[in-house]
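Just so it is clear, none of the values below were taken in a lab; they were calculated from the coordinates. Not measured: the values here are computed from a predicted model. With ideal geometry, Cβ positions are generated from the backbone for all residues, glycine too; neighbour counts draw on all protein chains shown.
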Amino acid sequence: MLRNSIKLNSITRLKQINGSSNNNYYFISKPFCSTVATPKPATVDPTPQQQEQQQQHNSSSSPCSSTSKLFTSLNGFFEKVKKKSFMVENYMNGDLKENYKIEQIKLLDPLGNLHEKKGNEIFKIVEKDLNQMTSNIITTITEGVSSRSNYSPAPTKKTHPVLSSISSYYFQLKGKRIRPTIVLLLSRALSTGGGANVGQMKLAEIVEMIHTASLVHDDVIDEASTRREVVSINHSYSNKLAILCGDYLLARASLLLSSIRNNDVTELMSTALAELVEGEFMQAKSSGAVSFDQYLHKTYLKTSSLITNSCRSTAILSGADSNVVNIATDFGKNLGLAFQIIDDLLDYTSSEEVFGKPVSVDLTLGLATAPVLYATQEFPQLEKLIKRKFSEKGDVEEARSLVLKSKGIEKTRNLAIEYCNKAIQSLLQLPQSEARDILITLSHTVVTRNK
């Protein structure tokens, strides 16, 4: 569990940066009205009469009665802020300077198969559905627009050939397809009939279309030249056509969403789409200085929200009760956070050949993710690089080097494992089934993968 961020209005214990480690300040939960507990020299035990006098004196004194003491303690606090980074929460126990030994958090292994070699064969149970999904998506985006509604216009002609070619480009490559795989496996885990129903199949298609549209737009924003080991759409065609392609995929996904005819699901998936855009905007407008809370919030918006809301929608379309719907939601939220945190880690540890896309992109774009935020605990000089978004010559190389020297990678992996364990704990609340067990295995692969 992440430790609470340092705030004036919460109970926080701060070690002094200089001086004896025995001198501790305690800020009690009263904004700007703090009591200071300081060590006193050893004295002779007071008599009962002296104790009574001292208690009367304390009861008549306010914590803020001494102006000089108040300003002394506040000045001491702000001096600490200047001298030491409080940008990142202290994730592990112990003092920031003493936190060098990192104990690896164990990944939950309720099935006892964690160390077994896993390949794509573990997803064979939904392979047929995934292939059908991909075929349906390509048909959806290349055929003319049509609808079952009595008020809809007549079907249009086939999609423009260039738009058809661009929009189906990534789907023909068959990427990881992790999001629709989660939807299809969860559908089976919650089903009494053994498979996904029509609404859940459409949901899997919608999730993959929204995700792919976000990738197309991401490549424009990041100026990426490759995606899934091939030339990206923006480099194959142009930024303008790539943006239009992404917009078109979102439009077709919205049309398909409306055909499910479920208001709750429509609201949830629309929320996921809005939050995805908000996360991108939050990232684009970042001022440089980033707290861990901001990082996790952005991570949820950009990545986890789509998985969270798709899992919740899957449970709703299965007819599950509110308890199961909430279990599915918690599973999606925690797995989504773990997935993105590992992605951020791989940006430092993987190679472009293995990862399938350029690495060190986050630093190049001026983004501070978990590894570098954790590294500031050991190398406070990283803060000035973060604040200027690694914009000066040599900043990216220096930041990457310091991160790899620090415990930032280990701490980031531990954080991802914590979220993954929460996801597995949610799954264990569902009835045992082949699909549920495969979801547990999938959760393992999310944090043990190298691409």
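Structure data summary
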quantity	calculated
E392, E143 arranged by Cβ crowding within 10 Å, fewest neighbours leading	E392, E143
Residue order, fewest to most beta carbons within 10 Å, for D362, D437, D109	D109, D437, D362
S291-R228 pseudo-label distance in nm [points 7 Å out on the Cα-to-Cβ vector]	3.9 nm
Order of Y237, Y248 - criterion: other Cβ atoms within 10 Å of each residue's Cβ, fewest first	Y237, Y248
Projected label distance in nm at T364 and D264, using a 7 Å step from Cα toward the beta-carbon	4.4 nm
Under 12 Å from K387, Cα to Cα: aspartates and glutamates that are on another chain or at least 8 residues apart	D395
Contact order normalised by residue count of segment 357-451, Cα under 8 Å, 6+ apart, percent	25 percent
Distance violations [Cα-Cα > 31 Å] among K240/K285; K174/K422; K117/K411; K240/K384	K240/K384
Cross-link table K124/K202; K298/K393; K106/K405, entries beyond 25 Å C-alpha to C-alpha	K298/K393
Alpha carbon centroid spacing (whole Å) that separates segment 360-416 from segment 235-256	33 Å
Difference of contour (0.36 nm per residue) and Cα-Cα distance, L404 to E127	95.9 nm
Span from the segment 166-220 Cα centroid across to the segment 271-336 one, whole angstrom	16 Å
Relative contact order for segment 207-337, counting Cα pairs under 8 Å that sit 6 or more residues apart, in percent	21 percent
